[in-house]
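Bear in mind these aren't lab numbers, they're just calculated from the coordinates by the rules spelled out. These numbers were taken from a predicted model, which means no experiment stands behind them. Heads up, the Cβs are rebuilt from the backbone with ideal geometry, glycines too, and the neighbour counts pull from every protein chain shown.
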Amino acid sequence: MPAPLSIAMIGTRGVPAAYGGFETAVEEIGGRLAERGHEVTVYCRGSVHRAQRYHGMRLVHLPALPVKQAETLSHTALSTLHAMAHRPDVAFVFNAANAPFLPLLRVRGVPTALHMDGLEWRRAKWSGRGRDYYRWAEGRGVRTADALIADAPGIADYYRAEFGVPTELLRYGAPILEHDASPSSALRKYDLQPDGFHLVVARFEPENHVREIVDGYRRSAARLPLVVVGSAPYGAAYTAEIQRIADDDSRIRLLGGVYEQSQLDDLYRHAHTYLHGHSVGGTNPSLLRAMGAGTAVIAYDVDFNRETLNETGWFFQDADGVVAALTDVEAHIEAVRAAATSGQRRARTAFRWDEVADGYEALARDLVAGRTIHPLAKLLRRQVVERVDA
């Protein structure tokens, strides 16, 4: 039986997952690797949970500067220094922005895989300097990581075309939420009926197209209310625009953040449709959660979403497209049920966390054995390890 590995997971907010896709991935993958006997260390920031262990994972809590431009990088810098001191067998680093820290891990002979996420430099929230930094960091990661992780075929295609490098296609998993026709505490809390509302769950950022969804809904004759879950920690003007549109229509319900996962799951499970406006990232966990809940999807028309849904559902590119999709789904109930069933079936078969964890485990062993996308890295690492161990 292969020996267990020590694995560091760096660059996210950590666990328990309460923020986004990276954190969910770390919780689901790291917990499974710990169950298999590996020593998994997760670096955490900003968590109210200060436990030292969670689902078998060792948690290291380190501070970060509470500024958008510096929060991630400052925390990853401290995490990298801590990992250098403890020298794990392998490190998984999440977010291309953290690429500048990879050479420090290499100095200690730690093989590293960098999860590239989506094309972050395309996000509207970044100014010219922020965009330039992400573009630079992408190239830095390509030149210094031993392996690159892509979570969608489109991301893998981008790195192959742009940089001529291979990636490891390791998707996210989908939670399967069985249908329950009875009213839940979440529905009672928000005065909603099962199968009686359209749902949006997203941060209020331009590339998530929440404004277009809300505007399209307002212009539609939809009978069912629109429930919007989300907020924008750094986007006051964009949030105000959404609020202005919603104020003109009593059918639109802005709930803000819903952080209790059981209540959020109930909203996914009982929605008539889920409207997904994300356009920049790869395989999106919110989309997978809706599919796993057996809820039909109206998605922004981009390759990532079409591939995830296997072309099943409704697609839009602007507010007019939202109007057309809402009109269609409220007029064709059987088509909605068929899309919901198809989506959940795909979630069950194509997005399984156990298989995702298998991929991470195999990649970790390959990296420890010396596999790398950089031919000279193996020789350099051997020299570093011999020097450190001497």
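Taking a ≥ b ≥ c as the square roots of the eigenvalues of the Cα gyration tensor, segment 185-350 is classed as rounded, since a/c falls below 1.5.
Along segment 161-174 the Karplus relation, 6.51 cos²θ - 1.76 cosθ + 1.60 evaluated at θ = phi - 60°, assigns HN-Hα couplings of 6, 7, 10, x, 10, x, 10, 8, 7, 10, 7, 9, x, 10 Hz to successive residues, with x for each Gly and Pro. Residues considered: Thr308, Thr144, Thr349. Largest GNM mean-square fluctuation over the chain, using C-alpha springs under 10 Å, is found at Thr349.
So, counting K/R as plus one and D/E as minus one, what does the shell of residues with Cβ under 12 Å around Arg244 add up to?
On the way: positive: Arg211, Arg218; negative: Asp215, Glu241, Asp247, Asp248, Asp249.
With Lys, Arg at +1 and Asp, Glu at -1, the neighbours total -3.
Could you tell me which of rounded, prolate or oblate describes segment 210-276, using a ≥ b ≥ c as the square roots of the eigenvalues of the alpha-carbon gyration tensor, with rounded for a/c under 1.5 and, failing that, prolate when a/b is larger than b/c and oblate otherwise? Oblate is the answer for segment 210-276, as a/c is 1.5 or above yet b/c matches or exceeds a/b.
Using just the helices of the chain, give the 222 nm mean residue ellipticity in deg cm²/dmol: DSSP H runs with n ≥ 4 each add -39,500 (n - 2.57), and the total is spread over all residues, rounded to 500.
On the way: 15 runs with 178 residues, N = 390.
Value at 222 nm, helices only: -14000 deg cm²/dmol.
Based on the alpha-carbon gyration tensor of segment 160-207 and its eigenvalue square roots a ≥ b ≥ c, which shape applies: rounded if a/c is under 1.5, prolate if not and a/b is larger than b/c, or oblate? Each step should come with its number before you reach the end.
Numbers: a/c = 4.82, a/b = 2.29, b/c = 2.10.
It comes out prolate by the Cα gyration axes.
Provide Met9, Met291 in ascending order of the number of other Cβ atoms located within 10 Å of each residue's Cβ, fewest first.
On the way: Met9 29, Met291 34.
Neighbour counts put them in this order, fewest first: Met9, Met291.
Let's see if you can work this out: charge +1 on each Lys and Arg Cβ, -1 on each Asp and Glu Cβ, no other charges. What is the dipole magnitude of the chain about its Cα centre, in debye to the nearest 20?
On the way: 45 positive and 47 negative charges, 264 e Å.
With Lys and Arg at +1 and Asp and Glu at -1, about 1260 debye.
Each DSSP beta bridge with both residues in the chain is either parallel or antiparallel, and the antiparallel ones are about 5%. List Phe163, Phe22 from most exposed to least, where exposure is judged by having the fewest other Cβ atoms within 10 Å. Ranking Phe163, Phe22 by Cβ neighbours within 10 Å, fewest first, gives Phe163, Phe22. Residues whose amide H lies under 5 Å from that of His209, counting only those 5 or more places away or on a different chain, are absent; hydrogens are built 1.01 Å from N in the peptide plane.
Hey, can you rank 359-365, 88-94 by average C-beta count inside 10 Å, highest first? Walk me through the intermediate numbers first.
Values: 359-365: 18.1, 88-94: 25.4.
Result, highest mean first: 88-94, 359-365.
Taking Lys and Arg as +1 and Asp and Glu as -1, the other residues whose beta-carbon sits under 12 Å from that of Phe101 total +3.
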